[in-house]
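Everything below concerns the one structure shown next.
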Amino acid sequence: MIIAIDGPAASGKSTTARLVAERLGYAYLDTGAMYRALTLKAIHRGVDGEDEERLCQLASSLQLSFTIRDGRLKVIMDGEEVSQKIRSPQVSQLVSVVSRHPRVRRIMVERQRRFGEKGGVVVEGRDIGTVVFPQAELKVYLDATPEERAKRRWAELRMKGINSSLEEQLAAIIGRDRLDSQREDSPLRKAPDAVLIDTTHLSIEEEVKAVLDLVKRRG
Ligand code: CDP
């Protein structure tokens, strides 16, 4: 089975997807981490977020591997561990610009399909149910109010020792939502056959249970 989980920034996708994969013994693919790694590489190389040609070159040569260690996703890019760096506010600010380009997306989507085509996988992102795996057996769309999502992102950054204000996070999240849902290629939207889960008042454990219940009903 392919399980597609989509939704806006900080809607709980990553944690839910990882835990669902763990409980089912499935593989897990965080496609946002792929776009984030590419963005980090662009920053390192001084490549402009609008330079589609050079971004494509970077995307094609990008070496990525993912492992789960102690319940956390470890991302290795070109031999370097970048798990923390790809979540920095600097990367968050640029990632929706980098991921807007159709040719960049084509390269990334190709890799995502190769990873997931055999099934037994939970894939999370923005366009998984609509574009990457429209044939997925289960599609979930996680959402929460912008205020709740800003609060979660703020707390997450604070735990990592990054200081920011709640207002800053709310503005960043609203800005990214706008770019992600208004872009021409593969905009963020709920697939018609996706099940909507509003996570505003749910705990992580409740979110995971809701998805696992859906899996049981499909199986
Ligand atoms: O964790 P968070 O919700 O902040 O975002 P993410 O899932 O790490 O994704 C970061 C960004 O990558 C998104 O805001 C999108 O611009 C882009 N992205 C995308 O375009 N398509 C995907 N399938 C996944 C992410």
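Could you work out how far the C-alpha centroid of the stretch 159-207 sits from that of the stretch 107-121, in angstrom?
A separation of 23 Å, based on Cα centres.
Using the number of other C-beta atoms within 10 angstrom as an exposure proxy, rank Thr39, Thr200 with the fewest first.
Thr200, Thr39
Hey, rough spin-label estimate for Ala155 and Phe115, points 7 angstrom out along Cα→Cβ, what's it come to in nanometres?
2.7 nm
Take the Cα atoms of the stretch 1-94, build their convex hull, and give its volume per residue in Å³.
So the per-residue hull volume is 115 Å³.
Once you put a point 7 Å from the Cα of Met1 and another 7 Å from the Cα of Glu50, both along the Cβ direction, what distance in nm separates them?
4.6 nm
Place a +1 charge on the Cβ of each Lys and Arg in the stretch 9-153 and a -1 charge on the Cβ of each Asp and Glu, then give the dipole magnitude about the Cα centre in debye, rounded to the nearest 20.
On the way: 26 positive and 19 negative charges, 46 e Å.
Charge dipole of the stretch 9-153: 220 debye, to the nearest 20.
May I ask you to work out the translational diffusion coefficient for the stretch 162-219 at 20 °C, viscosity 1.002 mPa s, via Stokes-Einstein with Rh from the Kirkwood sum over Cα pairs, reported in whole µm²/s?
It diffuses with D of about 150 µm²/s by this estimate.
Would you mind classifying the stretch 96-219 by shape? Square roots of the alpha carbon gyration tensor eigenvalues, ordered a ≥ b ≥ c; an a/c under 1.5 is rounded, otherwise it is prolate if a/b is larger than b/c and oblate if not.
oblate
If we count GluC sites (Glu not before Pro) as exposed when they sit in a DSSP loop and have at most 16 other beta carbons within 10 Å, what is the longest stretch of the chain that avoids them all?
Longest stretch, sites excluded: 51-116.
Once the other residues with Cβ under 15 Å from the Cβ of Leu142 are scored (Lys, Arg +1; Asp, Glu -1), what is the net sum? Working shown, then result.
Values: positive: Lys13, Arg18, Arg126, Lys139, Arg149, Arg152, Arg153, Arg189, Lys190, Lys209; negative: Asp6, Asp30, Glu124, Asp127, Asp143, Glu148, Asp177, Asp180, Asp198, Glu205, Glu206, Glu207, Asp213.
With Lys, Arg at +1 and Asp, Glu at -1, the neighbours total -3.
Would you list the P(r) distribution for the stretch 73-115, with all Cα-Cα distances sorted into 10 Å bins from 0 and each bin expressed as a whole %?
All Cα pairs considered, the percentages come to 24, 44, 32.
Show me the three semi-axes of the equivalent ellipsoid for the stretch 32-184, from the C-alpha gyration tensor (sqrt of 5 times each eigenvalue), largest first, rounded to whole Å. Show your work: numbers first, answer last.
Working: eigenvalues 106, 78, 61 Å².
That gives 23, 20, 17 Å for the three semi-axes.
Could you give me the radius of gyration and the Dmax of the stretch 122-191, taking only the C-alpha atoms into account and expressing both in angstrom?
Over the stretch 122-191's Cα set, Rg and Dmax evaluate to 14.3, 41 Å.
Which residue, Asp78, Asp70, Asp185, has the most motion in a Gaussian network model of the chain that connects Cα atoms within less than 10 Å?
Asp70
FYI, it's all coordinate maths here, none of it is from the lab. Note that the structure is predicted; figures quoted are calculated from it, not measured. All Cβ positions, glycine included, derive from the backbone under ideal geometry; neighbour counts span all protein chains shown.
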